[in-house]
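The block underneath contains the structure these notes are about, expressed in structure tokens.
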Amino acid sequence: MKKSNQRKIDVELFEPEGGMFFTYANHLQIGFTHFDVRLVFGEVVDVDQSSVSVEQRAQVTLSWGQAKTLHHMLGEVVKNFEATQGEIKLPEGMTDLQDLTRKPKRTRA
């Protein structure tokens, strides 16, 4: 077994004045540069036979190191969930990358 030479660092978590920002998302876009990864979270607000309207709610930009950490952490959470609840089925095309250079067409009131 490999022994780690890294020391444990305590991390203090706290909320800013006024509380933490919360949102819900059921739509995700992703983009990247050589420096970081950008996640845009949105909520589907309208669906008809020919289109889907998504309200973009939040954008989070991560360093590549944090993106890899998130990848690992989410992978473990999904693996553990599926072990107890069964496989999560995704609709066809759900994991296709989307172009983040597209800007929202309009602002919702």
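The values are calculated or read from the model by the stated rules, or taken from the named source; none is laboratory data. Remember, it's a predicted structure, so these values are computed and weren't measured experimentally. Cβ atoms come from the backbone with ideal geometry, glycine included; neighbour counts cover every protein chain shown.
Examine region 15-23 for a residue that is modelled with pLDDT of 90 or more, aromatic (Phe, Trp, Tyr) and either part of a strand (DSSP E or B) or touching a strand residue (DSSP E or B) at 6+ places or on another chain (Cβ under 6 Å) (or both), and state whether such a residue exists.
no
Out of curiosity, is VAL77 assigned to a helix (DSSP H, G or I) and aliphatic (A, V, I, L, M)?
Values: assigned to a helix (DSSP H, G or I): yes; aliphatic (A, V, I, L, M): yes.
Yes; evaluated as a whole, the condition is true for this residue.
Being under 13 Å from the mean Cα position of the chain (by Cα), farther than 18 Å from MET94 by Cα and surrounded by 10 or more Cβ atoms within 10 Å (Cβ to Cβ): is that true of LEU62 here?
Values: under 13 Å from the mean Cα position of the chain (by Cα): yes; farther than 18 Å from MET94 by Cα: yes; surrounded by 10 or more Cβ atoms within 10 Å (Cβ to Cβ): yes.
Judged against the criteria, LEU62 is a match.
Can you pull out every residue in region 22-59 that is of a type in the set (A, V, I, L, M, F, W, C) and either within 22 Å of LEU90 (Cα to Cα) or over 15 Å from the mean Cα position of the chain (by Cα) (or both)?
Residues of region 22-59 of a type in the set (A, V, I, L, M, F, W, C): 22, 25, 28, 30, 32, 35, 37, 39-41, 44-45, 47, 52, 54, 58.
ALA25, LEU28, ILE30, PHE35, LEU39, VAL40, PHE41, VAL44, VAL45, VAL47, VAL52, VAL54 - these are the residues of region 22-59 that are of a type in the set (A, V, I, L, M, F, W, C) and either within 22 Å of LEU90 (Cα to Cα) or over 15 Å from the mean Cα position of the chain (by Cα) (or both).
Any residue in region 65-77 that's at negative phi: show its pairings with residues that are aliphatic (A, V, I, L, M) and modelled with pLDDT of 95 or more at Cβ separation under 6 Å, as long as the two are six or more apart or on different chains.
What qualifies is ALA67/VAL37.
Residue check, GLN56 against (1) surrounded by fewer than 10 Cβ atoms within 10 Å (Cβ to Cβ); (2) touching a residue at least 24 places away in the same chain (Cβ under 8 Å), all met but one. Which one?
(1)
Within region 48-74, count every residue that is outside any helix (DSSP H, G or I), more than 16 Å from LEU28 (Cβ to Cβ) and hydroxyl-bearing (Ser, Thr, Tyr). So that I can check it myself, show each step before the final result.
Going through region 48-74, the residues outside any helix (DSSP H, G or I) turn out to be 48-63.
The next check asks that each one be more than 16 Å from LEU28 (Cβ to Cβ); those that pass are 48-51, 63.
Now narrow it down to the ones that are hydroxyl-bearing (Ser, Thr, Tyr): 50-51, 63.
The qualifying residues number 3.
Restricting attention to region 65-81, and to residues there that are more than 13 Å from the chain's Cα centre (by Cα) and among the aliphatic types (A, V, I, L, M), which single residue is surrounded by the fewest Cβ atoms within 10 Å (Cβ to Cβ)?
The qualifying residue surrounded by the fewest Cβ atoms within 10 Å (Cβ to Cβ) is VAL77.
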